[in-house]
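Q: Sharing a structure below in structure tokens format, with a few things to ask.
Any read-out appearing in this document is the output of simple, stated calculations on the displayed coordinates, not a laboratory observation. Computed from a prediction, not measured in an experiment: that's the story for all the values here. Note that we place each Cβ from the backbone using ideal geometry, even for glycine, and neighbour counts take in every protein chain shown.
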Amino acid sequence: MNGTQTQFTQISPSMAHTEQIGARLGSLLQAGDVLCLSGDLGAGKTALARGIVAGWGALEPATSPTFVLIHEHQRAHDAMRLQHIDAYRLERLEDAALLGLEDIFANGSAVIIEWAERVQQLLPADHVWIDLDFVAEDEQARQLTFAAHGARSADLLAAFRAQEG
């Protein structure tokens, strides 16, 4: 981990709001950015990813890649790619290596990884980690904890927070 680290928390009152948070974050993604989503089943990882993909400007909406493992998204105005990876079904770290995860990181695509804790040892040093947790008092609300690991990720989260107003 680099010396640059930023962390903050946001509460989302609904899945629709979680998607809006994702759209704001997705609009800021650049080539090589890696977003790692972690949380229990039903915590909102896919809703956040849907928002990120939409905000990034993908030509098609995001769906959970659980059975496909990787969805590649493109957008009309440039050649940049966004890889949406779901590591839920990966049973061993070797499975992630066989999937070509390190090659995906090296090819310059922006990347979203659901269940990122399953491939944590393969992550690049510079990445954003987002934990999604249930809020006990409200079954619709989620707490999102953002942590930047590295200079680019810190810049990304600073720009994201600046959008709040």
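Q: Given the conditions (1) in contact with a Ser or Thr (Cβ under 6 Å, 6 or more places away or on another chain); (2) surrounded by fewer than 20 Cβ atoms within 10 Å (Cβ to Cβ), and given that residue 121 satisfies all but one, which numbered condition is not satisfied?
A: With respect to (1) in contact with a Ser or Thr (Cβ under 6 Å, 6 or more places away or on another chain); (2) surrounded by fewer than 20 Cβ atoms within 10 Å (Cβ to Cβ), residue 121 is out only on (1).
Here is a yes/no grid of residues against (1) closer than 25 Å to residue 12 by Cβ; (2) loosely packed, with under 15 Cβ neighbours inside 10 Å; (3) in contact with a helix residue (DSSP H, G or I) (Cβ under 9 Å, 6 or more places away or on another chain):
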residue: 56; (1), (2), (3): yes, no, yes
residue: 73; (1), (2), (3): yes, no, yes
residue: 80; (1), (2), (3): no, no, yes
residue: 86; (1), (2), (3): yes, no, yes
residue: 103; (1), (2), (3): no, yes, no
residue: 129; (1), (2), (3): yes, no, yes
residue: 140; (1), (2), (3): yes, yes, yes
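Q: Let me spell it out: the conditions are (1) more than 23 Å from residue 144 (Cβ to Cβ); (2) surrounded by fewer than 22 Cβ atoms within 10 Å (Cβ to Cβ), and residue 61 meets all of them except one. Which number is the exception?
A: Only one criterion in (1) more than 23 Å from residue 144 (Cβ to Cβ); (2) surrounded by fewer than 22 Cβ atoms within 10 Å (Cβ to Cβ) is unmet by residue 61, namely (1).
Q: All but one of (1) of a type outside the set (A, V, I, L, M, F, W, C); (2) in contact (Cβ under 8 Å) with a residue 40 or more places away in the chain; (3) under 21 Å from residue 12 (Cβ atoms); (4) not in a helix (DSSP H, G or I) hold for residue 108; state the number of the condition that does not hold.
A: (3)
Q: Quick one: in the range 144-165, of everything that is among the small types (Gly, Ala, Ser) and assigned to a strand (DSSP E or B), which residue is surrounded by the most Cβ atoms within 10 Å (Cβ to Cβ)?
A: 148
Q: Residues in the range 111-143 that are charged (D, E, K, R) and not in a strand (DSSP E or B): how many?
A: 4
Q: So, in the range 107-165, how many residues would count as being more than 20 Å from residue 47 (Cα to Cα) and among the β-branched types (Val, Ile, Thr)?
A: Residues that pass the stated criteria total 1.
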